[in-house]
């Protein structure tokens, strides 16, 4: 089974034994329905998507509010969220079977292990549904499973996840915590990416005898040219990666030949959440870093390697 990492808040919540469903109050009478009903099918397909780290499919089961935050998360954070649903670390392949009562079991098999996810009967309360699930290590069938209750809400005629165990799926709030946990990694990556951009710019200059007019000219292409040189990934050429915004400025409005000069910068997309340090590459090729409250750095900042 997966090993908890720095996303301790999320993993701890998923491992808790919940009492959420039993404490819900409603004016309507609860009704248990078969696993073939839409809520159970939604949970089944949600687990299949989480097992495969299929972001596009996983998004189908998020509320509109959570979907907006999910799309803003760094790729690593989106993957971590899906991992916690199946309690496995690696990307897996899912298979579905049914128990004698017809309720589905999703088996998620990864290179590092496998888990059986048994989906119980659905309890309906107006526009909410509650489903107990047992997640068991497939290699230890005699071991105790993790008992979790998933709640879903009907939104736009579809069932979307509302909570899992004691974790209320409020991704806008969790998004802020995850971003802050990533700041150190984001800052290290931003400096490395800024150096990669500088290398790409110099390669472009040597190849085409002038500077690129913008970072977009460095994007990968099937057939490299001065308009699309094939030197950077699309996200970095587009000026955004891992919570940082990248910019290039040609100094003196002269992009011709070796004497042409340029500056590069990397600033936090959301200061205090995705990063605090601003990075700067001066016209002499030296790199600098300092906290500018999200503003662009300059050549007077302390040097960094």
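With the simple spin-label model, which puts each label point 7 Å out from Cα in the Cβ direction, the residue 96 to residue 188 separation comes to 4.1 nm.
Relative to one another, the C-alpha centroids of segment 213-278 and segment 79-117 are positioned 41 Å apart. For segment 71-141, taking Cα atoms only, Rg and Dmax work out to 14.3, 42 Å respectively. The listed peptides 143-150, 128-135, ordered by packing as a protection proxy, come out as 128-135, 143-150 (highest mean of other Cβ atoms within 10 Å first).
For residue 68 and residue 140 in one chain, what is 0.36 nm times their gap in residues minus the Cα-Cα distance, to one decimal in nm? Intermediate results must be reported in sequence, preceding the final value.
Numbers: separation 72, 0.36 × 72 = 25.92 nm, distance 3.79 nm.
Value of the extension gain: 22.1 nm.
Can you bin segment 54-102 into rounded, prolate or oblate? Criterion: square roots of the alpha carbon gyration tensor eigenvalues sorted a ≥ b ≥ c, rounded for a/c under 1.5, prolate for a/b above b/c, oblate for the rest. Judged from the Cα gyration tensor, segment 54-102 comes out oblate (a/c at least 1.5, b/c at or above a/b).
Spin-label pair residue 271-residue 195: with each label point 7 Å from Cα along the Cα-Cβ axis, the two points sit 2.7 nm from one another. Histogrammed with a bin width of 5 Å, the alpha carbon distances of segment 182-304 distribute as 2, 13, 22, 23, 19, 12, 6, 2, 0 percent, first bin at zero. Ranked by the mean number of other Cβ atoms within 10 Å of their residues, highest first, the peptides 56-69, 85-98 fall in the order 85-98, 56-69. The stretch between residue 56 and residue 251, if pulled fully straight at 0.36 nm per residue, gains 66.0 nm over its current Cα-Cα span.
If we sort 211-220, 42-51 on the protection proxy, mean other Cβ atoms within 10 Å, highest first, what's the order? Let's see the in-between values first.
Numbers: 211-220: 18.7, 42-51: 23.7.
Final packing ranking: 42-51, 211-220.
Read-outs throughout are calculated quantities, based only on the coordinates presented, and are distinct from any laboratory measurement. Note that this is a predicted model, so its numbers are computed, not measured. Cβ coordinates were reconstructed from backbone atoms using ideal geometry, including for glycine residues, and neighbour counts include every protein chain displayed.
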